[in-house]
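Peer 1: One structure, pasted below without further comment.
The values are calculated or read from the model by the stated rules, or taken from the named source; none is laboratory data. Note that the coordinates shown come from a computational prediction; the quantities given were computed from them, not determined experimentally. Cβ coordinates were reconstructed from backbone atoms using ideal geometry, including for glycine residues, and neighbour counts include every protein chain displayed.
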Amino acid sequence: MTFRAGLWVHYLRRAANSSSSRRSSPRVNSVALEWRVQARTAVGQSYDNDYCGFFVIRDGKIVAVREYLDTRYAAKVLFHDLE
């Protein structure tokens with residue numbers, strides 16, 4: 001995978017510790033992240049997909065995640081026998 005877990009932690013901690021004027025509570029924040037996953041499947045096929053995630057952070061903890069990706073591509077590569 002091309003993203004680094006440490007980068008996630010940095011951005012999520014930064015969001016958790018910053019205040020937001022759009023929210024009523026300074027302890028509730030959200031952050032959007034983009035990343036790319038590049039890997040090989042169990043059968044050796046190449047997997048290369050872009051992701052986007054929205055994380056809601058409350059009191060320093062992730063309380064909700066919404067994740068977007070090309071699901072048709074993921075299904076085709078990861079579950080090719082289902083077609």
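Peer 1: Considering only residues that are in a strand (DSSP E or B) and more than 13 Å from the chain's Cα centre (by Cα), look in region 42-76 and name the one that is nearest to A32 (Cα to Cα).
Peer 2: Looking at residues that are in a strand (DSSP E or B) and more than 13 Å from the chain's Cα centre (by Cα), I get I57.
Peer 1: Could you tell me whether region 50-70 includes any residue that is exposed (fewer than 10 other Cβ atoms within 10 Å of the Cβ), more than 24 Å from V31 (Cα to Cα) and not aromatic (F, W, Y)?
Peer 2: Among the residues of region 50-70, not one is exposed (fewer than 10 other Cβ atoms within 10 Å of the Cβ), more than 24 Å from V31 (Cα to Cα) and not aromatic (F, W, Y), which makes the answer no.
Peer 1: Still on this model: Condition check: within 18 Å of the chain's Cα centre (by Cα) and at pLDDT below 70. Does R14 satisfy that? Even if it seems obvious, please write down each step before you answer.
Peer 2: Values: within 18 Å of the chain's Cα centre (by Cα): yes; at pLDDT below 70: yes.
For R14, the condition - within 18 Å of the chain's Cα centre (by Cα) and at pLDDT below 70 - is met.
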